4 protein chains.
Amino acid sequence: MADIPRPGRPVLGPNRYGKAETRVVKVTRDGATHHIKDLNVSVSLSGDMEEVHYSGSNAGVLPTDTTKNTVYAFAKEHGIDSAEQFGIRLARHFVTSQPSIHRARIRVEEYAWERVETSAQGAHSFVRKGQETRLAQIAYDGERWEVVAGLKDLTVLNTTDSEFRGYVKDRYTTLPEAHDRVLATAVSGRWRFHWTDDTQPAPDWNESYARVREHLLSAFAGTYSLSLQQTLYAMGSRIVEHRPEIDEVRFSLPNKHHFLVDLTPFGLENDNEVYFAADRPYGLIEATVLRDGCEARIPEDLTNL
Amino acid sequence: MADIPRPGRPVLGPNRYGKAETRVVKVTRDGATHHIKDLNVSVSLSGDMEEVHYSGSNAGVLPTDTTKNTVYAFAKEHGIDSAEQFGIRLARHFVTSQPSIHRARIRVEEYAWERVETSAQGAHSFVRKGQETRLAQIAYDGERWEVVAGLKDLTVLNTTDSEFRGYVKDRYTTLPEAHDRVLATAVSGRWRFHWTDDTQPAPDWNESYARVREHLLSAFAGTYSLSLQQTLYAMGSRIVEHRPEIDEVRFSLPNKHHFLVDLTPFGLENDNEVYFAADRPYGLIEATVLRDGCEARIPEDLTNL
Amino acid sequence: MADIPRPGRPVLGPNRYGKAETRVVKVTRDGATHHIKDLNVSVSLSGDMEEVHYSGSNAGVLPTDTTKNTVYAFAKEHGIDSAEQFGIRLARHFVTSQPSIHRARIRVEEYAWERVETSAQGAHSFVRKGQETRLAQIAYDGERWEVVAGLKDLTVLNTTDSEFRGYVKDRYTTLPEAHDRVLATAVSGRWRFHWTDDTQPAPDWNESYARVREHLLSAFAGTYSLSLQQTLYAMGSRIVEHRPEIDEVRFSLPNKHHFLVDLTPFGLENDNEVYFAADRPYGLIEATVLRDGCEARIPEDLTNL
Amino acid sequence: MADIPRPGRPVLGPNRYGKAETRVVKVTRDGATHHIKDLNVSVSLSGDMEEVHYSGSNAGVLPTDTTKNTVYAFAKEHGIDSAEQFGIRLARHFVTSQPSIHRARIRVEEYAWERVETSAQGAHSFVRKGQETRLAQIAYDGERWEVVAGLKDLTVLNTTDSEFRGYVKDRYTTLPEAHDRVLATAVSGRWRFHWTDDTQPAPDWNESYARVREHLLSAFAGTYSLSLQQTLYAMGSRIVEHRPEIDEVRFSLPNKHHFLVDLTPFGLENDNEVYFAADRPYGLIEATVLRDGCEARIPEDLTNL
């Protein structure tokens, strides 16, 4: 029997548990043409978990090892069409099959692969694309779904059409105004879908991802930037305006500073040609863009796992 | 003038900006005896920032470069007694000195150094301790303070007094029960202080950190563990019960699996002696422990920067 | 005057010094069309450096800060056509301009960028390709050049046409033979050019890199693999046979194990469909392939910086 | 039968293979007092390996999976007294038990743990020390042993007693001379033992490691530094002079620059108090120190795995 805390004893607050970073690679064969999906899946479950914290009773605990097994079994039984669809299936399973589990959150990282062209028969050779990591998070409480897609580590750079001036100067300000600077960032973005009710048709998750990625790239490239904040808003609003399935976008954009090197000691002029790409510190710009009338639900700190 | 979105246009949600990861090392000289503080400071500001997102006007934007300069200037002007005290000073400065800035959040990582004993005169040689990273987060909105301290990467291990059994079995469960296992985790913890009103005396931040660290280590070591959840609760409740200045503790504990290697194919018995320390996947146990009557305010996903 | 060690005192062996990881981004403008080169340059110098070690006299030491400045100045003065050409220019400068410096080794990492298509005027937007990192190492002693090109972190995978059987079994062998397995590796390769004499025409470094990369990918994809060693030799020999400018190739290939998950406990058959992508341990296969009659000069341990 | 290359075909050069990064934790029980050793072991084998490269025949290949199993079995059968002793046992086994294997190289990383004091019965709780990683490399060719010990990631810092001046100035030199600077580095060191013949008594490996570590720390701390090269030589010569079991020491020392922040724009003087700890670029100083009459055998590029 559970050792319920006495009045005044410390009480349990929000909690969850699961298996993080289960790496699954699924091969599908279409004759001699093979397809692969390469995911990193993290399961997080919560519900009636007081006893295991207070007394150590595991009577309501599905082992994290079991959640790992379930990922592999579901890859076989149901295949993996998209990270979102796979996560939805997992979340529904855990919430509907275990009385003690009331909420599930599935996080997925997906690594893209390209085919290697070869004269050999068949198509079974791949090279990892190595650009951004695609992200998906699926949360389910037995009634309502919340699906957030995203990406991280998509590094972009404009060599011109960016300035930064007209800002506040105080006692500690030494930065000179920039009329033509390099603007670079490693995009970390998340976007939340309008879809919450599984009696309604779900979006085409893969198509949506591809289109959102295009919009954010073209908005970054096509915006004459007066500040990274303005570029961020341009990227987010472009997505919300063009993709009706998305209600909210949040970006965390490190300003990857490229400092113009002073070459005058060497008798040289640096006409926006030679830059030092700095590591730390970096500016960090974070903001949410919302469809008018929608609520901000993506957490302010973006996390990957 | 700001280009305010038309009705129906996407709107700006929660946002903030600042300079992340300013690395500052402060040397203090007490004759030939030197002291150092080694911090990584991230400043995040928010307030009246609509214009910079909608139109790119920087009229209300204090540059992130200025916030970096301020960190260095304050290290000189005021010294660094503790990460918390330094962060409080910075946060107050930004909120009270700039009309457009209404909230500041300062995050600090601190790296500990030990003295190197030497026969040379003076005491000015140090070796980085390299164990946990100390963390502090200070938030201020002009009225109320929220201070959260913490640590990450403190790796602990018990070679016995840990079991895991009596759990739910479903179709996908294959894990055998363990009556004597290795329990290991890399502690990531955050604890929130009761102190919110700067007319009240502040805690001794450094003393508090040292005592909390001791409590969590001794609770980990002294608890006979039936589950990592139980150990987590023991660690959190020990802190809340012994440290009146703290209202809330949250831990994120990866279960760093140490699997007993099957040596029977080699005619050997493995009597809990030889383990494989696995990387991924890992169990992940996360929970908050609260002083009775207090509210959970630490975000569910712990982040470092 | 130098404090030359007394007979019997410890003596200085091989030594070098320089500035590592100078990050330089060079923008070239062709009207509204911009081009970028993004390098990480490490300079290592050696020569008459006994005094600085024995007595601390810096009379023969060109500061590492100066080597950093030289990288930036040369990017402006001479541009960057290829990592190899840029490194050759730097190495020649240090060896020929400083009497105390007899040998220079320049290492370069290069990060590739792709254009972002946009409807905006001009072409000045880029997204980092994020696949392999291109490498170059240039060594010069005033007479002879040694140029080694390479890459790291090019991850490739075949879903079939790989087996592993017929191996030695001893008391500690438990591995079952595999008749159809996934073969995956993160290629780290280096190849040494025949060119050593700068009175002879140099290869087209960029063209050579592109062709070598194609050959190694097509050899990986097109080889029916009985062992990763065999695949490695196929990759190396393909390069040596097709590229007369290259005398030697060395690969370090981690065998990124993809273990077939046992689904039988769940009543499922795993017909080479569902794999666990493991982190550690991993097989590590390293070998050099030489043009007949040539000498192995690439160090057995590949290092990046 | 092996597909020996035709005359003129590319030939195999230096090669080796094995299992890298086998993580083994060994628990030893002395009643209620437990001891742990925590190693990361990499095995590298070479010998008659032409066929597996040329034809894919595995007839002479002991699987890397077997070398992993052997690590675990030996931990049980023989225990782990030191990384060096454990590596010697493994190397001898592979070379003497397999006709096709002529040389073995074992690399070990060791992670140190400290006890957690607790009032609980027994002593079975540990916290990872988290400072340097101890390294050992053992090579054996059936006759001669070569043992190299070392460490990496031991970060040290002096707040004074370091200058840098009197150096060469050329067209690209802008660095001002420093009469009192912070000197900091993350020590990576390797030292080679005189012992090569196992009919002679071996050193006390653990005692030797502890003493070498003390000498390098005290030499770093106690040397008034005119250059990092001089400090390096002081560290190496101190070891060679005090430890007769060691013939050669090599260090790779990144100069972790701490730049004095210019506070004059804020009306403040920076009297060697406030520093910016920079990431990249960094100076890199590498040198070998030898017992007089000994040969340099440690490779110029230090690698960890």
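Below is a table of values for the structure above.
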read-out	value
Selected residue (only one of D:T118, D:T66 is within 30 Å of B:S218 (Cβ to Cβ), within 8 Å of another protein chain (Cβ to nearest Cβ) and among the β-branched types (V, I, T))	D:T118
Residues located in the range B:161-170, provided they are assigned to a loop (DSSP other than H, G, I, E, B) and of a type in the set (A, V, I, L, M, F, W, C)	B:V168
Residue check, D:E214 out of contact with any Lys or Arg (no Cβ under 8 Å at 6 or more places or on another chain), within 27 Å of D:R16 (Cα to Cα) and free of Cβ contacts under 8 Å to residues at least 40 places away in the same chain	no
Selection count, the range C:67-97, where residues are small (G, A, S), touching a residue at least 40 places away in the same chain (Cβ under 8 Å) and assigned to a helix (DSSP H, G or I)	4
Boolean, B:A202 is under 30 Å from A:H93 (Cα atoms), at pLDDT 95 or above and away from chain A (no Cβ under 14 Å)	no
Of all residues making up the range A:116-152, the number that are assigned to a strand (DSSP E or B) and in contact with a strand residue (DSSP E or B) (Cβ under 6 Å, 6 or more places away or on another chain)	20
Flag if C:R29 is assigned to a strand (DSSP E or B), of a type outside the set (S, T, Y), in contact with a Ser or Thr (Cβ under 6 Å, 6 or more places away or on another chain) and surrounded by fewer than 23 Cβ atoms within 10 Å (Cβ to Cβ)	no
Those residues of the range D:114-126 which are of a type in the set (V, I, T) and buried (at least 20 other Cβ atoms within 10 Å of the Cβ), in sequence order	D:V116
Unmet criterion (only one of (1) touching a Pro at 6+ places or on another chain (Cβ under 8 Å); (2) touching a residue at least 60 places away in the same chain (Cβ under 8 Å); (3) not in a strand (DSSP E or B)) for B:T173	(2)
Unmet requirement for A:F94, which otherwise passes all of (1) closer than 30 Å to A:V27 by Cα; (2) within 7 Å of chain B (Cβ to nearest Cβ)	(2)
Top-ranked residue in the range B:215-241 [being hydrophobic (A, V, I, L, M, F, W, C) and more than 20 Å from B:C294 (Cβ to Cβ); ranked as surrounded by the fewest Cβ atoms within 10 Å (Cβ to Cβ)]	B:L226
Single residue of the range B:7-28 satisfying the filter (more than 7 Å from chain A (Cβ to nearest Cβ) and touching a residue at least 24 places away in the same chain (Cβ under 8 Å)) that is nearest to A:S227 (Cα to Cα)	B:V24
Unique residue being touching a Pro at 6+ places or on another chain (Cβ under 9 Å) and either closer than 26 Å to D:I36 by Cβ or among the small types (G, A, S) (or both) when the list is B:S218, B:S188	B:S188
Residue among C:Y72, C:Y111 that alone is aromatic (F, W, Y), surrounded by fewer than 21 Cβ atoms within 10 Å (Cβ to Cβ), over 19 Å from C:E146 (Cα atoms) and assigned by TED's automatic domain parsing to the domain that holds C:E132	C:Y111
Every residue from the range B:188-204 that is within 14 Å of the chain's Cα centre (by Cα) and either surrounded by fewer than 21 Cβ atoms within 10 Å (Cβ to Cβ) or of a type in the set (A, V, I, L, M, F, W, C) (or both)	B:W191, B:F193
One residue from B:A186, B:A202 being more than 27 Å from D:S125 (Cα to Cα) and aliphatic (A, V, I, L, M)	B:A202
Residues of the range D:241-284 satisfying the condition of being of a type in the set (D, E) and within 19 Å of the chain's Cα centre (by Cα)	D:E245, D:D247, D:E248
Test result for A:V212, under 23 Å from the mean Cα position of the chain (by Cα), buried (at least 20 other Cβ atoms within 10 Å of the Cβ) and facing chain B (nearest Cβ under 9 Å)	no
Strands (runs of 3 or more DSSP E) wholly inside the range A:189-293 that include at least 3 residues being within 23 Å of A:N304 (Cα to Cα) and outside the structural domain of A:A83 (by TED's automatic domain parsing)	A:246-255, A:282-290
Residue match in the range A:40-48 (condition: within 11 Å of chain B (Cβ to nearest Cβ), in contact (Cβ under 8 Å) with a residue 60 or more places away in the chain, over 24 Å from B:E177 (Cα atoms) and not charged (D, E, K, R))	yes
Subset of the range D:137-187 that is more than 14 Å from chain B (Cβ to nearest Cβ) and among the hydroxyl-bearing types (S, T, Y) - its residue that is surrounded by the most Cβ atoms within 10 Å (Cβ to Cβ)	D:Y140
The range D:226-254, residues that are closer than 28 Å to B:D30 by Cβ and more than 7 Å from chain C (Cβ to nearest Cβ)	D:L228, D:T231, D:A234, D:M235
Filter pass, C:S57 being more than 28 Å from C:G150 (Cβ to Cβ), of a type in the set (G, A, S), facing chain D (nearest Cβ under 9 Å) and touching a Leu at 6+ places or on another chain (Cβ under 8 Å)	yes
Residue count, the range D:256-302 (criterion: buried (at least 16 other Cβ atoms within 10 Å of the Cβ), in contact with a Ser or Thr (Cβ under 6 Å, 6 or more places away or on another chain) and within 7 Å of another protein chain (Cβ to nearest Cβ))	5
Qualifying residue in the range B:224-232 (condition: more than 18 Å from B:S162 (Cβ to Cβ), at pLDDT 95 or above and among the small types (G, A, S))	no
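The values are calculated or read from the model by the stated rules, or taken from the named source; none is laboratory data. A quick note: this is a predicted structure, and the numbers were derived from the prediction, not measured. Methodologically, a virtual Cβ is constructed for each residue, glycine included, from the backbone with ideal geometry; neighbour enumeration extends over all protein chains shown.
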